[in-house]
Amino acid sequence: MKNTTIAAEPASRHQPISAGEAATLRAEYGENAPPAMHVCLFRNGWVDVLQLTAGDIDLADIAHGLALTNRWNGATVQAVSVAWHSLVVSAVASEIDPAAALHGLMHDAAEAYTGDWTRPYKLHLGPMLTDVAQRIEQACLEAAGVTEPAVTSRAVKEADEAVLLLEHASRWA
Amino acid sequence: MRSEDQERVARARAAAERINPHANGAPFTLANKAESAFVDEALWLMPAAAPMRRRLEGPASTRPTR
């Protein structure tokens, strides 16, 4: 029955997948085959990235995903995880605005679901990519209890830039 | 590097050194260390009413499972 579900995914939510792709998924995953827009998580199996809500977000998925996601598209001389980056951004942001610490920690939480898209992708691949990323980010912030991200976004952005400069100046990146 | 950027780097370096003082602020080399530090900090900062915290502290039957 799961196989029928894959073929019947509404076109408004997902790009339809071909019969060949569905067969490949069925062959690989059997009855647990994921639909085309689902991503695998550490703790919570599969989640539909286009339908993600705050109720789907789990700290273990975020922490594990960010700890194993490297900054700078992997082009670093040593491991520089997004989790570590987020810890430093949080610390710097809290100095600028004490209310920004949690927002700073969670500012890249969406990358546990999307991976780390480097800036050229975000800047040049159009609104579809950023729309998906923003909706996931919103769900993550809501789940973490960041109720007014607009208030602290300036401090977080400033801290994010400072840590990026540090990563570059330290030749980690 | 511009002087204002040097100030920003110094500020970020000081924060990094507080997070990992044993390695002069360098990133954690072990992923599980980064993961546990992230969880600790999130639990420290998250308000009690945050949905993510409520799920973690809810009944075992509602906790996420792999």
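The values are calculated or read from the model by the stated rules, or taken from the named source; none is laboratory data. Nothing here was measured: the structure is a model prediction, and the numbers come from that model. With ideal geometry, Cβ positions are generated from the backbone for all residues, glycine too; neighbour counts draw on all protein chains shown. Protein only, heavy atoms only, side chains kept; ligands, DNA and RNA dropped before computing areas. Shrake-Rupley method; radii C 1.70, N 1.55, O 1.52, S 1.80 Å.
So how much slack lies between A:ALA75 and A:ALA27, counting 0.36 nm per residue of separation and subtracting their Cα-Cα distance, in nm?
13.8 nm
As an exercise, use a Förster radius of 35 Å and the Cβ-Cβ distance of A:SER153 and B:THR29 to find the FRET efficiency, rounded to the nearest 0.05. Could you put the intermediate results ahead of the total?
Numbers: r = 31 Å, r/R0 = 0.89.
Calculated transfer efficiency: 0.65.
Determine the per residue accessible area of chain B with all protein chains present and a 1.4 angstrom probe, expressed in square angstrom. Display every interim value, and only then the final one.
Numbers: 4290 Å² over 66 residues.
Accessible area per residue, chain B: 65 Å².
Applying a 10 Å radius around every beta-carbon, put A:101-109, A:67-75, A:158-166 in order of their mean neighbour count, most first.
Packing proxy ranking, top to bottom: A:101-109, A:158-166, A:67-75.
For segment A:91-173, state which trypsin sites (Lys or Arg not before Pro) are in a DSSP loop and have at most 14 other beta carbons lying within 10 Å of their beta carbon. Please list the in-between numbers first.
On the way: sites: A:LYS122, A:ARG135, A:ARG154, A:LYS157, A:ARG171; in loops: A:ARG171.
Loop-located and lightly packed - A:ARG171.
So how many Å³ per residue does the convex hull of the Cα atoms of segment A:54-169 work out to?
Looking at segment A:54-169, the number lands at 97 Å³ per residue.
Looking only at other chains, what is the average number of their beta-carbon atoms within 10 angstrom of each beta-carbon in A:142-149?
Mean partner-chain Cβ count within 10 Å for A:142-149: 4.
Taking both sides together, what accessible area is buried at the B/A interface, probe 1.4 Å, expressed in Å² and rounded to the nearest 100? Write down the numbers at each step before the final one.
Numbers: alone 6120 and 10120 Å², together 12710 Å².
Approximately 3500 Å², summed over both chains.
Go through A:79-85, B:38-44, A:58-64 and give me the packing order, highest mean Cβ count within 10 Å leading. Let's see the in-between values first.
On the way: A:79-85: 26.0, B:38-44: 18.0, A:58-64: 24.1.
So the peptides A:79-85, B:38-44, A:58-64, ranked by packing, come out A:79-85, A:58-64, B:38-44.
Can you pull the percent of chain B's accessible area that's carbon plus sulfur, 1.4 Å probe, other chains left in place?
Taking all protein chains in place, chain B shows 52 percent carbon and sulfur surface.
What is the spin-label model distance, in nm, from A:VAL39 to B:MET1 if the labels are put 7 Å beyond Cα along the C-beta direction?
Taking the simple label geometry, A:VAL39 and B:MET1 are separated by 3.0 nm.
Just counting partner chain Cβ atoms within 10 Å, what average do the residues of peptide A:157-163 show around their Cβ?
4
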